[in-house]
Structures are given as structure tokens and as C-alpha cells.
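The values are calculated or read from the model by the stated rules, or taken from the named source; none is laboratory data. Not measured: the values here are computed from a predicted model. Cβ sites come from the backbone with ideal geometry, for glycine too, and all protein chains shown count toward neighbours. The area values use the complete protein model at the heavy-atom level, side chains included, leaving out ligands, DNA and RNA. Shrake-Rupley method; radii C 1.70, N 1.55, O 1.52, S 1.80 Å.
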Amino acid sequence: MTSLAVANPGSLIQSVDWVAIAPPLIAAVAALAVLLADLFLPERHKKWLGRLTAAGLALALIALLPLAGSSPRATFCVQNVAGGSDSGGCSYVADHFALVFQLIALGGALIAALLSMHTVESERLPRGEYWFLLLSSATGAALLPASRDLATMVIALEVASLPAFALVALRRDGRGAEAALKFFVSSVTATAVMLLGVGFVYAAGGSLHLDAVAQGLEHAPGQLKPLAEAGAVLTLVGFAFKVAAVPFHFWVPDTYTGAPLPVAGYLSVVGKAAGLSGLALATTIAFRPYAHTWGLVLAVLAAVTMTVGNVGALRQRFDTRYSAVRLLAWSSVGQAGYLLVPLAAAGYAPTGVDPLGATAAYALIYGVVNLGAFGVVAAVGRRAGTSVDDFRGLFTRSRWTALALAFFLLCLAGLPPGVVGLFGKVVVFRAAVDAGLGWLAVVMAVNVVAALYYYLLWTARLFAPAGDAPLGEGAAGHRLPTSLTATLGLTASVAVVLSVAPQLVLQVAGGSLF
């Protein structure tokens, strides 16, 4: 009989690196604190829950600082019988890649929280539930980029997604329930397909840890390779849904329109960042043996996504109700296509070259300016839905708000003075060219030019004569709430600073993230 005893049983007891897991852990603790405070605080003091949420997210961001200058830190690692750890068997790794996407997730959640403070009060949303759900979703989004096994990735993705369904449904005007239902049904379908794919991958590769999956797939028996390839494709479906890549994008316009505006902004940035990080980890680490296969699939997906998103935006009428939100929704689909380009390039890049930095840099830029654009839409039409035509003559009514939106739109278009948006697109374009994907670079260039039409048309309306356009609640004489002012000031300031010194974010694209 084989003895299961080990020489040093204490060596099998793991120690947790609390500093490494601090960012998502702080967000989770803040969520529990908000939930408990909601039980005991009297109604008149529940406005403090929003401030507690913002403080928790700010602390989670601060917790990234001790990790920024250090070497990658890993925890929850599989240990062998001798007590040694296997570097490929860690479930949580705080490396450069994880920190960049945690910055996007937690920073985007903080801006969404500031943007939400007025919305929660004006739309009479349940405060405790709203802030708890926002923090819970942010926890999952921050956990996903540091996950290094498929089980943890699936759990993190669901922790990020499930609270988001409820956030969309919190608006009690009928549209919220419909939007949440479309979001939920689409997401559950994508998750079911992804879980089936994970099962196939586990059966073929014999492990759930990403590095071990790559080794298992590389040496898998010939009869298991079709199962492994099918599993890889199905696994990517769940992440493609979060990114809103075609054909998993149909939920986006209706969900953004039905959700509270801050939630729509949150989904467009934080939800997209979570999906991108999962997609990048699964492809570049776990499915590395199939690089040329998924590289081609992602290249086609990027081309189709940016084209469908921009065509949808071009077809959007400006005089319809909620057309401003729908235009931003279609724009976010188009931007998802640009974000997928460096991921596709990673499948073709020579050894030692890491195009993923271009995706991270562009995601940082996009997150700031897109949340700023949603902030202006929330400021102009705080209670009613707004059409793009409602922004006509905004400069004469609210000069700084109009200038902020114009700057955000020019950044999204990649035109000066939105220099950081231009540099971001150049970095993505260069990643495609360096990987030999010239045809994808041409498709991207055509789409960038086509997108100029609706971005510039909206910008021109800001400075056009007001005519008979409704003034709305963002007109002169209506002072913006402090939270909205802080949101616009923060996003505009960051966008201006990055346009003056784009190297602050573009240096992310210069080195390896792993």
C-alpha cells in the first residue's frame, strides 16, 4: 500500500499574499460594508452609501501602488509533495497585465460611482442595492485579469456580470426590465456555451491552469485535437460577449438605452475591459498552441465588429428619442473592433513581441473619454432621454459642458486636439502592420474615416445655432450637481493631460505585459 504521508505536512499549508489580492479584496469588503450599512442607517443618512462606495474604490486603486514597481506576485499556487510551488499552477498573479486592467476596472467603476450619485437620487433607485451591486461587479472585473486558471476566470466573469443584470433592471420605468432581460438571456447563452468549451478544454488538456492547459493541448493525442479546438472556440464566446464583439453585440443598444446612464457607461468601459482581459489571457496563454488559428478568427472578428458598429452608428437617426445613448452604444461596438486588433496581432507576432500593450493603452484612453461622454449626456438630459438634436446650440447654454463633450468626441474620433485618441489609434494600427495584417490595417483605416462622419456631425451640433431645440435640464440657469461636475472635471482633466503628455499611457504599449 502506498503511503500518503509527507515528510513535512506543514509545507502543504499555503500562505496568502494579501498585498497581491488587496485591490479586488478591498472592493469586496466595501461591498459588504455597504450592504450592512444599508441595514442600519436611517433613510436620511443613506446618501453616505455612495460616498462609502467611492471611498472603497479609491482605496482599491491606492492598493495597486505597492504592486506597481515590484516583480509579479503570485498566490493560491498548487504545491507539490515536497512543498515547492509550481509557477505554472498559480490561480492569482499580480503582474503588469493584471495591474493595467485592474486600473481600468477600478478607475472606471470609481468614475461610474461619481456619475451615479445624482442618478440614484433623481431616479429614486434603491441606494443600498445599487451601490452593493456596483461594488460586487467591480470586484469581479478586478479579479478577472489576475486569474490564471479557467475556473477562477469563469467565476470572476460571472461575478462581474450577474450584478450588472440587476443594475440594468433597477430602473422601474419598464425599459429597464426589458433591457435587463435581453442582457440576461444573451449572457446566459454565452456563458453556457463557454462552460461547455471549458469542459472540452479540460478533457483534452487535463488541467484548468492556463500554462498547464497550453502544455496539455500541445501534447494532446491526435484524436483529442478536434475536441480541444472546439473547446477553445467555445470558451472564447463568453469573453467575446462581454467585449460586445459581433455577432454577440445585439444586446448593446437596447441595454444601454434601458439602463441608468451611469450603468450604461460602466458596461461600455468596465464590462469591456473585463472581457478583453479574459480574451487576452485565454488566447495568449492557454491556447498558445493554436495561435495562428485564433489569430485569424480574432482578425476577422475585429474587422466585422468595427464595421458593424460604425455602420450602425451611421444609420442612427439624430432626432429620435435616446439617440445620443444609442449612438454611444454603436460607437462602443465599433471601438471594440479596434481593441481586438492587437489581440489578433498577438497570434501572428514573432517571439518576443507583445502587441497586447496596444490593447491596454487604447483601453485606458477609451475608458476615460467614453465615461466622460456618458457624463455629459447625463448632465444635459438628467431626467428625460436625450436625442443628439437636443445638443444643438449647447455651447451657447453651457459652454464648458459643450467643450468637454467636443473634446471627448474628438478623442474618440482620433482628431486633434484629442491627441491621445489619435496616438492610441496609431499604436493599434502599428500593431496590425507589424504582425503582417495589412488587410486588417486597411479595414481599420476605412472604419476610422467613416466614424469621423457621426463624431464630427455631433460635434458640429454643439456649436450650431440653438433654433427650436429643447433646452433640457442642462441649460443655463440649472447648475450641475457636484457629483456630475466632479465627473466631468476629472475625465476632462485626465484626457487633456494625456493629450499633452501621451507617453504617460502609451508607454504601456512599449513593453511586455507578462
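The lone criterion from (1) small (Gly, Ala, Ser); (2) in contact with a Leu (Cβ under 8 Å, 6 or more places away or on another chain); (3) farther than 24 Å from VAL270 by Cβ left unmet by ALA349 is number (2). Counting residues in the range 285-307 that are within 22 Å of ILE104 (Cα to Cα), in contact with a helix residue (DSSP H, G or I) (Cβ under 8 Å, 6 or more places away or on another chain) and surrounded by fewer than 24 Cβ atoms within 10 Å (Cβ to Cβ) gives one or more. For ALA303, the stated conditions hold: it is at pLDDT 90 or above and of a type in the set (Gly, Ala, Ser). Filtering the range 285-333 to residues that are under 17 Å from GLY197 (Cβ atoms) and either among the charged types (D, E, K, R) or in contact (Cβ under 8 Å) with a residue 60 or more places away in the chain (or both) leaves ILE285, ALA286, PHE287, ARG288, PRO289, TYR290, THR293, TRP294, VAL297, LEU301.
Being over 20 Å from LEU356 (Cα atoms) and either open to solvent by less than 10 Å² (accessible area, probe 1.4 Å) or assigned to a helix (DSSP H, G or I) (or both) holds for only one residue in LEU452, LEU440, and it is LEU452. Exactly one residue among GLY174, GLY197 is on the phi > 0 side of the Ramachandran plot and either surrounded by fewer than 19 Cβ atoms within 10 Å (Cβ to Cβ) or in contact with a helix residue (DSSP H, G or I) (Cβ under 6 Å, 6 or more places away or on another chain) (or both), and that residue is GLY174.
Here LEU403 meets each of (1) in contact (Cβ under 8 Å) with a residue 24 or more places away in the chain; (2) under 28 Å from VAL500 (Cα atoms) with one exception, condition (1). With respect to the conditions (1) outside any helix (DSSP H, G or I); (2) touching a Gly at 6+ places or on another chain (Cβ under 9 Å), VAL377 lacks only one, and its number is (1).
On inspection, LYS242 passes the criterion of being open to solvent by 10 Å² or more (accessible area, probe 1.4 Å), under 16 Å from the mean Cα position of the chain (by Cα) and not aromatic (Phe, Trp, Tyr).
Against the numbered list (1) of a type in the set (A, V, I, L, M); (2) closer than 16 Å to ILE21 by Cα; (3) free of Cβ contacts under 8 Å to residues at least 40 places away in the same chain, LEU133 comes up short only at (2). For PHE184, the criteria (1) open to solvent by 40 Å² or more (accessible area, probe 1.4 Å); (2) touching a residue at least 60 places away in the same chain (Cβ under 8 Å); (3) out of contact with any Gly (no Cβ under 9 Å at 6 or more places or on another chain) hold in every case but one, which is (2). If you go through the range 308-322 and keep only what is under 20 Å from the mean Cα position of the chain (by Cα) and either modelled with pLDDT under 90 or open to solvent by 10 Å² or more (accessible area, probe 1.4 Å) (or both), you end up with just VAL308.
Would you be able to tell me the number of residues in the range 41-65 that are modelled with pLDDT of 85 or more and open to solvent by 80 Å² or more (accessible area, probe 1.4 Å)?
So the first thing to find is which residues in the range 41-65 are modelled with pLDDT of 85 or more, and the list is 48-65.
When the remaining residues are screened for being open to solvent by 80 Å² or more (accessible area, probe 1.4 Å), the result is 48, 51, 59, 62, 65.
Number of matching residues: 5.
Please indicate, with yes or no, whether at least one residue in the range 130-148 is open to solvent by 30 Å² or more (accessible area, probe 1.4 Å), more than 23 Å from VAL377 (Cβ to Cβ) and more than 18 Å from the chain's Cα centre (by Cα). Outline the logic, then answer.
Here is the first cut: in the range 130-148, the ones open to solvent by 30 Å² or more (accessible area, probe 1.4 Å) are 132, 143.
From what is left, the residues that are more than 23 Å from VAL377 (Cβ to Cβ) are 132, 143.
Among the residues that remain, those that are also more than 18 Å from the chain's Cα centre (by Cα) are: 132.
Checked against the condition, which is being open to solvent by 30 Å² or more (accessible area, probe 1.4 Å), more than 23 Å from VAL377 (Cβ to Cβ) and more than 18 Å from the chain's Cα centre (by Cα), the range 130-148 yields at least one hit.
Residues in the range 103-118 that are farther than 15 Å from THR359 by Cβ and either basic (Lys, Arg) or open to solvent by less than 10 Å² (accessible area, probe 1.4 Å) (or both): LEU106, GLY108, ALA109, ALA112, ALA113, LEU115, SER116.
Name the helices (runs of 4 or more DSSP H) wholly within the range 239-349 that hold at least 3 residues that are among the aliphatic types (A, V, I, L, M)? Can you show your working first?
Values: elements: 252-258, 261-266, 272-281, 291-315, 323-346.
In the range 239-349, the matching helices (runs of 4 or more DSSP H) lie at 261-266, 272-281, 291-315, 323-346.
All of PHE374, PHE391, PHE408, PHE395 fail the test of being out of contact with any strand residue (DSSP E or B) (no Cβ under 9 Å at 6 or more places or on another chain), open to solvent by less than 30 Å² (accessible area, probe 1.4 Å), at pLDDT below 90 and of a type in the set (A, V, I, L, M, F, W, C), apart from PHE391.
Does ASP211 satisfy being of a type in the set (D, E, K, R), modelled with pLDDT of 85 or more, under 30 Å from LEU484 (Cα atoms) and open to solvent by 10 Å² or more (accessible area, probe 1.4 Å)? Show your work before the answer.
On the way: of a type in the set (D, E, K, R): yes; modelled with pLDDT of 85 or more: yes; under 30 Å from LEU484 (Cα atoms): no; open to solvent by 10 Å² or more (accessible area, probe 1.4 Å): yes.
So ASP211 does not fit the description; no.
For the residues THR191, THR235, the requirement of being in contact (Cβ under 8 Å) with a residue 24 or more places away in the chain, surrounded by 21 or more Cβ atoms within 10 Å (Cβ to Cβ), assigned to a helix (DSSP H, G or I) and among the polar types (S, T, N, Q) singles out THR235.
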